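Let me begin by presenting the structure, written as C-alpha cells, before commenting on it.
What follows is calculated from the coordinates using simple rules that are stated; it is not laboratory data. Treat the numbers as computed from the prediction; the structure is a model and nothing was measured. For neighbour counting, all protein chains shown are included, and Cβ atoms are generated from backbone atoms with ideal geometry for every residue, glycine included.
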Amino acid sequence: MTGDPGVTAGDIARLAGVGRATVSNWRRRHADFPAPVGGTATSPLFSLADVEDWLRRNGKPFEVSLADRVWQRLRASGDDFQLADLVGWAGVRLLELRGDTAVPSGRRRARPPVEPADAELPALLAELAAERGHADAFDLLVRRYVQAHSRRLDVTREDVARLMARLVCRDGDTVLDPACGLGTLLRAAPDPRSALGQDGSAPAALIAEVRLLLAGTPAEIAAGDSLRRDAFPGAHADAVLCNPPFGDRAWGHGELAGDPRWEYGLPPRGEPELAWAQHCLAHLRPGGRAAVLMPSAVASRRPGRRIRGNLLRAGALRAVITLAAGGPDLWLLRRPEPGRPPPATVLLLDAEGDLELAGRAWERRADGEFTVPVIDLLDDEVDVAPARHRPRQSEEAFGRRFTETLDRLTAAVPAPPDLEPLAERRPPPVTTLAELSRAGVVAISHGPARLPAGGDVPVLTVDDVSAGTGPSGTTAAAPGLIMLEPGDVVATAAGSARVVTSAGAALGPHLTHYRPDPERLDPRFLAGFLTFAHTRTGAGSSRMDLRRARIPRLSLERQRDYGRAFEELARLTATLRDMSSLGETLVGLSFDGLLDGHLRPRR
C-alpha cells in the first residue's frame, strides 16, 4: 500500500451519517480534529485512520463499509490523474474474478493501465464482489469516481439518459454512442443486441466497456476522436445515443472539409454540434433513430441555418425538445428511407423540466399538439428553437388544456383551517423532545448511513417522505434494520414529516424515526410539530436540533385537536403549492391563446 487512504469532507460525512455542514463545524470547533494531509485548500484530504480515531475518541458513531475501504485504498494507490486508470484496472479485475476470458477492446486500444501497488486490493475487491455482485461493485466504484471528479466529468443525467433511450431504442437494437464517456447512455438502452462506442479518453472507454460487459451487454468500445478517427467506418446501427462535447472549435473543420458524412452541408467551424449530428445520421441504417443532446443555441444560430433547413427538408430532423430552462435541447433524428416522403411537421416542445411530458409528446406527436409545419420554418432563419416558435395547437387540443387547467385551479381553492382566535394570549407550558425522550414518551432513532444492496424489503426514502408517496427503495433483510409500524413518525433533515400508516417498510438512510407512546403523545401532533417548528425557526438546514426545540405540553385530547389542525395546515400548504403551479400554467396558456387566436378578451 502506498499510503493511508485519504478521505474528503464529503467522505467523512457519509461515513458518520451526517451532513457536510456538520463536518465543517467539527473542523472549526474541535482543535484536535485531524489536519489535512493533502488535497487543496478548497478540497482537503484527511487520513482515514486519523479520522476513524477522532470519531471513536469523540463518541461519534460511524461505519466504514467494505465498499468505502476498497474505494479509499484504490484512490490512495495513485494520484488523481491516475484515478480513471485505477478504476479501469478494478473493472478488468472484476471481469477476471467473474470468469470472463475476453479482454475488453478498450484495454487493447488504451495505454497499459496503472497497476496499484496495494497488495491487499485484489482480495478486498474479490470480497466486495462477493458481497454486492461484480456489476454492482464496479458501478459503486464508478459512482465514487464521478463524485470525486464531478467538475471534470460531463456525465449525462440518469433520467435524461433513460428518456433518450426510451424515445429511440428498441429491444434487440444495435446501439452506438460515438462520444460515450463512461457508458451512461449505452447502459440505458433496453436489452441491446450489441453496443458500440467511442470516446476520446482511453480510460473512460475502458470503464464504459467494462460496465457494459459486467451488465451482460456485448460491447465494443474504442478510444479515439470519433470525428477525426472513426473507429466504426461503414457500420450502421439501429439507434444512436449521443451527448457530444459542446463548443469544440478545434473539431477538425479544415481536414474534414470533403468528408462524405456531411450530406446536409459542411458544418461551419463554429458549429461542431452539427458535425456530430451528421456523424450520428451517417451511422444509422435507413429508418434508424438518433437522440442527440445539443446546446440550445444550435437551434437558431445563423451559421447553421442551411444545414438545419436541409435536415428539415429531408425529414431527418424530427423533433427539438428543450429539456429545461437554458438547455440542453434534445434533437431526435431519423435516417431517411429511400422512396418515403418526408414528414410535413416537426415536433417543437419546451418541456420546462418535465421529462415525462417530453416522452408523452413524442409518443403522441400524431395528434399534432406540439407540432409545427416544416414549411413555416423554412425562412431566412430556419429557427427551430421551441421557445421562439410555439407550435400551433388545434382548437380542440388548446381548448382541452385550457379548460382542464381552469377547472383544476377552481377545484383546488382550499377551505381555511378551522381555528378560533382567543381574546387573550395564553401560551401553554412547554417541554422539549429531548425531555420527552428521557421520560420514555418517545423513542428517537436515526436511519443507517447506507443499507445492504439487493433483497426485496421495501424501504421508505427521503424522497418518499418529502413527496408523500409509498416506499420506493428496497434492501436485503439484515440485522439492525429499523422496521416501521403504524403510528410511527418519520422526518427528514429538511423538515418534512409524516405519520406511518402501514407496517412492512424499513427506515431509509438520512431519516429520523420517532416512536411515540400513543397513550401520552399523539403522532399527528408530533409530525405537525416537526414540520412547522422547522419552518417557523427558518433554520432550513440540518443545523437545527429539534430535540432542543420547545414543544407545547398538552393533554392527549388537546394534542389530537392540534394534530387535526396541523394536518389541515399541511393540506393547505400542498394545495397552495399546486395552485401556484396551476396559476403559472393558466397564465402561460392565456398568453399563448391570445397570441395564437384561440382566445380573445371579453367585451
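Which value in nm describes the separation of the simple spin-label points at residue 502 and residue 467, placed 7 Å from the Cα toward the beta carbon?
1.7 nm
Would you mind checking which residues have amide H under 5 Å from residue 118's amide H? H placed 1.01 Å from N; only 5 or more apart, or other chain.
The answer is 2.
Over the Cα atoms of the range 6-148, what Rg and Dmax result, in angstrom?
So, for the range 6-148, Rg and Dmax equal 16.6, 54 Å respectively.
How high is the relative contact order of the chain, given as a whole-number percent (alpha carbon pairs under 8 Å, six or more residues apart)?
8 percent
Cut-off is 10 Å between beta-carbons; in what order do 294, 483, 579 appear when sorted fewest neighbours first?
Lowest count first: 483, 579, 294.
Counting each pair of different Cα atoms once, what's the Kirkwood radius of the chain in Å, rounded to one decimal?
One over the average 1/r among Cα pairs gives 28.0 Å for the chain.
Can you list which of the GluC sites (Glu not before Pro) found in the range 178-255 are DSSP loop residues with at most 15 other C-beta atoms within 10 Å?
255
What is the order of 582, 333, fewest Cβ neighbours within 10 Å to most?
582, 333
Step by step: find N for the range 411-480, compute 2.2 N^0.38 Å, then divide the Cα radius of gyration by it. What's the final number?
1.83
Let me know the shape class of the range 187-306, please: from the alpha-carbon gyration tensor, a ≥ b ≥ c as square roots of the eigenvalues, rounded when a/c is under 1.5, otherwise prolate if a/b is greater than b/c, or oblate.
prolate
Could you work out the Rg to Rh ratio of the range 158-390, with Rh taken as the Kirkwood radius (inverse of the mean 1/r over all Cα pairs)?
Rg/Rh for the range 158-390 comes to 0.94.
If I take R0 = 60 Å and measure r between the Cβ atoms of residue 171 and residue 50 in this structure, what FRET efficiency does the formula 1/(1 + (r/R0)^6) give, to the nearest 0.05?
0.70
Tell me the chymotrypsin sites (Phe, Trp or Tyr not before Pro) within the range 216-325 that lie in a loop according to DSSP and have at most 16 other beta-carbon atoms within 10 Å.
Qualifying residues, ordered by number: 246.
Taking just the alpha carbons, could you work out the radius of gyration and Dmax for the range 430-553, both in angstroms?
14.2, 45
Regarding the range 228-292, what are the three Cα extents along the principal axes, ordered largest first, in Å?
29, 22, 22
Let me see the P(r) profile for the range 152-199: every Cα-Cα distance counted, bins of 10 Å, each bin given as a percent of all pairs.
Pair shares across the bins are 29, 58, 12, 1.
Give me 513, 279, 236 sorted ascending by neighbouring Cβ count inside 10 Å, so fewest comes first.
Result, fewest neighbours first: 236, 513, 279.
What does the helix-only formula give at 222 nm for the chain: each DSSP H stretch with n ≥ 4 adding -39500 (n - 2.57), the total divided by the residues, and the result rounded to the nearest 500 deg cm²/dmol?
One gets -12000 deg cm²/dmol as the mean residue ellipticity at 222 nm.
Sequence-distant or interchain residues sharing an amide H contact under 5 Å with residue 45, placed H: which?
Close amide H contacts, sequence-distant or interchain: 37, 38, 39, 40.
I need the trypsin sites (Lys or Arg not before Pro) found in the range 116-157, filtered to DSSP loop residues with at most 14 other beta carbons within 10 Å of theirs.
Counting only loop positions with at most 14 other Cβ atoms within 10 Å, the trypsin sites (Lys or Arg not before Pro) in the range 116-157 are 151, 152, 157.
Near the amide H of residue 482, under 5 Å away, which other amide H atoms are found, from residues 5 or more places off or on another chain, if H is placed in the peptide plane?
Close amide H contacts, sequence-distant or interchain: 507.
Using only alpha carbon positions, build the gyration tensor of the range 344-383, then give the equivalent ellipsoid semi-axes as the square roots of 5 times its eigenvalues, largest first, whole angstrom.
21, 13, 5
Using θ = phi - 60° and the Karplus form 6.51 cos²θ - 1.76 cosθ + 1.60, what ³J(HN,Hα) does each residue of the range 506-512 get, whole Hz, x for Gly and Pro?
9, 6, x, x, 6, 10, 10
When N is the residue count of the range 358-512, what does its C-alpha Rg come to as a fraction of 2.2 N^0.38 Å?
Rg over 2.2 N^0.38 Å, computed on Cα atoms: 1.73.
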